[in-house]
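Every read-out reported here was derived from the displayed coordinates using simple, explicitly stated rules and does not represent laboratory data. What you see is a predicted model; the values in this text were computed from it and never measured. Don't worry about glycine lacking a Cβ; one is built from the backbone with ideal geometry, like all the others, and counts go over all protein chains shown.
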Amino acid sequence: MSMILSASVVRVRDGLPLSASTDYDQSTGVQECRKYFKMLSKKLSQLPDRCTLKTGLYNINFISSLGVSYMMLCTENYPSVLAFCFLDELQKEFITTYNMMKTNTAVRPYCFIEFDNFIQRTKQRYNNTRSLSTKMNLADMQTEIKLRPPYQISLSELGSANGFAHLSAAEYKGTGKISAAPHQRLEPVTLPGIVSFVLSLLCGALNLIRGFHAIESLLQNEGEDFSYVIAFFLGTAACLYQCYLFVYYTGWRNAKSFLTFGLICLCNMYLYELRNLWQLFFHVTVGAFSTLQIRLRRPQGKSPDYNV
């Protein structure tokens, strides 16, 4: 008999289980698949957004979106289209019910366990395919799966120590193959990080405007110092580079952020005669705040061994 056996909602960056269905099947095969759930949850940040793991009599399917992954265990003969429609329905309801701030700041496993009620109701509907009332997205899902089939994870890959060391969702093109080039993700953006990003852009824009004014003054008065123009444009470049470091992961990221902050301080020291104390304080403080946010937004590490 084809049916969905269990489902769970897991945070991608660290594998923290947010919710799960109440399972009554205690057979050996299902218990073994729960171990695969645990192993997969530790590698979600390195996997494509749609995957399938075949484990003999059972299949594990999952989709990931907005930092949350939706996983389900079903029998091997359960239709793939229905499986991913089920996951898509869980995803839409979870996004509607809980905002990203709650999921990003959750610290306790299964803190959204009340979502189990929706999982159980949806699982019952999808296990009774004859009375399944919502079939309007089946054709769209079938087309999408044909155009971009889920990546097939093998048990040998899952069991190897470095099986997914170079997998990246950004490199997944829907062909069932994954590039070997590494890609490191950063942790989700926080509100202070967004504020620092906007303020850095503002400082860069202010430096750019003052730089053009300095060029105009230089053209009108031959006695003006050209080095002020260079200082303004270097300040602009430093602010924009801080924004880049905040958004993207690069090698020696922390060291580069400190060097960039040092350049901002040097530029403002040189422009001391053209700016008042409040302006200098604003630019240096924003530079320090952005440097702190770059350091706090770390690459996503390995997942702890949560019991899923």
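Summary of values
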{"read-out": "Kirkwood hydrodynamic radius over Cα pairs of segment 191-296, then Stokes diffusion coefficient at 25 °C and 0.890 mPa s, in µm²/s", "value": "176 µm²/s"}
{"read-out": "Distance between modelled label sites at L219 and T52, nm, 7 Å Cα→Cβ extension", "value": "6.5 nm"}
{"read-out": "Local electrostatic count, G56, Cβ distance below 12 Å [Lys/Arg +1, Asp/Glu -1]", "value": "-1"}
{"read-out": "Computed E for M269/E93 - FRET, C-beta separation, R0 45 angstrom, nearest 0.05", "value": "0.25"}
{"read-out": "Three-way shape call for segment 4-159 based on the alpha-carbon gyration tensor, with the a/c threshold at 1.5", "value": "rounded"}
{"read-out": "Segment 193-253: chymotrypsin sites (Phe, Trp or Tyr not before Pro) in DSSP coil with no more than 15 other Cβ atoms inside 10 Å", "value": "F226, Y248, Y249, W252"}
